[in-house]
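Comments concern the structure below.
The values are calculated or read from the model by the stated rules, or taken from the named source; none is laboratory data. What you are looking at is a predicted structure, and each value in this text was computed from that prediction instead of being measured. Note that we place each Cβ from the backbone using ideal geometry, even for glycine, and neighbour counts take in every protein chain shown.
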Amino acid sequence: MDFDELEKYRTGKSEDGHDQFSVPIKPDEDGLLGRECSNEDCETKYFKISLEVDDAYGKEIEDFSQLELTCPYCGNADNMQHLHTTEQIEWIKSMMMRGIHKTFQNIMARSFPKRPKPKGGMFSISMEFQPGTLPSVRHYAEEKLKQEVVCDRCRFRYAIYGVSFHCPLCSAGNILQHLERSAETIRILISESARIGSEHGQKVAQAMLGNALEDVVGLFEGFLKYAYQYAIRKSSSKEDADKLIQKIRTNFQRLSGAEEIFRRDLSIEIFYGLDAVERDALEIAFAKRHVLTHNLGLIDAKFKIKAQTWNRVSSELEIEADEIKRSLETVRKVVAHVLSEIVPT
Ligand SMILES: [Zn+2]
Ligand SMILES: [Zn+2]
């Protein structure tokens, strides 16, 4: 694009007499275009959208460029044209500045043509205009985002940081998709542990199961954290929300810690629908993960009491694939319930 030809993007004047330009912004190599949420309190803001829409959904769209998009992180809806990223605006501004400078230089050059200096006589002022260096046009590129998502409902493709709560196009609650994908990864780890064990020995298989258990706790902690942040930012001022979010710390690594915080701040019973057996089994699985992470996988006195086990203190913890599978399904159930309370699907 020749930036000095900004003129060709001029589309006329607005009602209040301002010049209007329409500058095309190209998508990146993956066909995605950056957008930034217009809600000031939105934490993440930046996401990317495809410029293509699935036929089934696209038929109802009259003008894609004027669509209302939903922020995948906070759910704020706004016209696509209000969601330019800071980078895109800076890029266009720098292009405008260069255009303005160039026009100004041309005017100055025309106003003060070079002429021979007058020789004495009358009092005169001689002026010469030296065109300066033009301001450069800012570099502009879209950020790399790891998570690419295709909406289950409308098949729209977009990219985000971490997890999204909404599809930008159809606004459907999409976070369950992320939960299912993460759960599936852990299921694969668990089932692969048997094969790895037969090839490399039981110790390696146990280590793999230990990692899978860590991931189950991570799934619980991570998704509840996102869910809590989403809900608390909707119901509190930014200042209050920031304070409450800071207080989470590692509380969501414990079932009772998460339970109390959700009950107190959001009136949500996170273990609704879980029976006592499921809850107890989950408590033990979480305690096992604690032993693995903080005590080299050797049973300590606290665990012995909690799990009411006959195993000796300092003996090695045993982890079974079925137990982790069950914990994963319970965690999935709990997180899905919390998400259904928080995000409309
Ligand atoms: Zn947002
Ligand atoms: Zn969608």
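A quick yes/no check of all residues on (1) of a type in the set (S, T, N, Q); (2) more than 16 Å from ligand 1 (Cβ to nearest atom); (3) more than 21 Å from residue 338 (Cβ to Cβ); (4) modelled with pLDDT of 90 or more:
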residue: 147; (1), (2), (3), (4): yes, no, no, no
residue: 155; (1), (2), (3), (4): no, yes, yes, yes
residue: 160; (1), (2), (3), (4): no, no, no, yes
residue: 167; (1), (2), (3), (4): no, no, no, yes
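Can you tell me how many residues within region 278-288 are closer than 18 Å to residue 333 by Cβ and of a type in the set (Lys, Arg)?
Filtering region 278-288 down to residues closer than 18 Å to residue 333 by Cβ leaves 278-286.
Adding the requirement that they be of a type in the set (Lys, Arg) leaves 279.
Final tally of qualifying residues: 1.
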Subset tally (residues that are within 15 Å of ligand 2 (Cβ to nearest atom) and either under 18 Å from residue 83 (Cα atoms) or in contact (Cβ under 8 Å) with a residue 60 or more places away in the chain (or both)) for region 57-70: 6
Pair list, Cβ < 7 Å and 6+ apart or interchain, from region 34-56 residues that are free of Cβ contacts under 8 Å to residues at least 24 places away in the same chain to residues that are within 9 Å of ligand 1 (Cβ to nearest atom) and basic (Lys, Arg): none
Qualifying residue in region 23-38 (condition: exposed (fewer than 15 other Cβ atoms within 10 Å of the Cβ) and either near ligand 1 (Cβ under 10 Å from one of its atoms) or under 30 Å from residue 242 (Cβ atoms) (or both)): no
Any chance residue 233 is within 16 Å of ligand 2 (Cβ to nearest atom) and surrounded by 13 or more Cβ atoms within 10 Å (Cβ to Cβ): no
Scan of region 242-286 for residues that are among the small types (Gly, Ala, Ser) and crowded, with 19+ Cβ neighbours inside 10 Å, ordered by number: 258, 285
Selection from region 296-317 of residues that are within 17 Å of residue 203 (Cα to Cα) and free of Cβ contacts under 8 Å to residues at least 12 places away in the same chain: 296
Test set (1) in contact with a His (Cβ under 8 Å, 6 or more places away or on another chain); (2) farther than 30 Å from residue 45 by Cβ - residue 173 fails condition number: (2)
Any hit, region 3-17, residues being within 16 Å of ligand 1 (Cβ to nearest atom) and surrounded by 15 or more Cβ atoms within 10 Å (Cβ to Cβ): no
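Name the strands (runs of 3 or more DSSP E) wholly inside region 1-95 in which the number of residues that are farther than 21 Å from residue 343 by Cβ, within 22 Å of the chain's Cα centre (by Cα) and outside the structural domain of residue 238 (by TED's automatic domain parsing) is 3 or more. Walk me through how you get there before you give the answer.
Values: elements: 10-13, 19-21, 32-36, 46-50, 68-70, 77-79.
Of the strands (runs of 3 or more DSSP E) lying wholly inside region 1-95, those with at least 3 residues that are farther than 21 Å from residue 343 by Cβ, within 22 Å of the chain's Cα centre (by Cα) and outside the structural domain of residue 238 (by TED's automatic domain parsing) span 32-36.
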Conditions (1) within 16 Å of ligand 2 (Cβ to nearest atom); (2) at negative phi; (3) among the small types (Gly, Ala, Ser); number of the one not met by residue 22: (1)
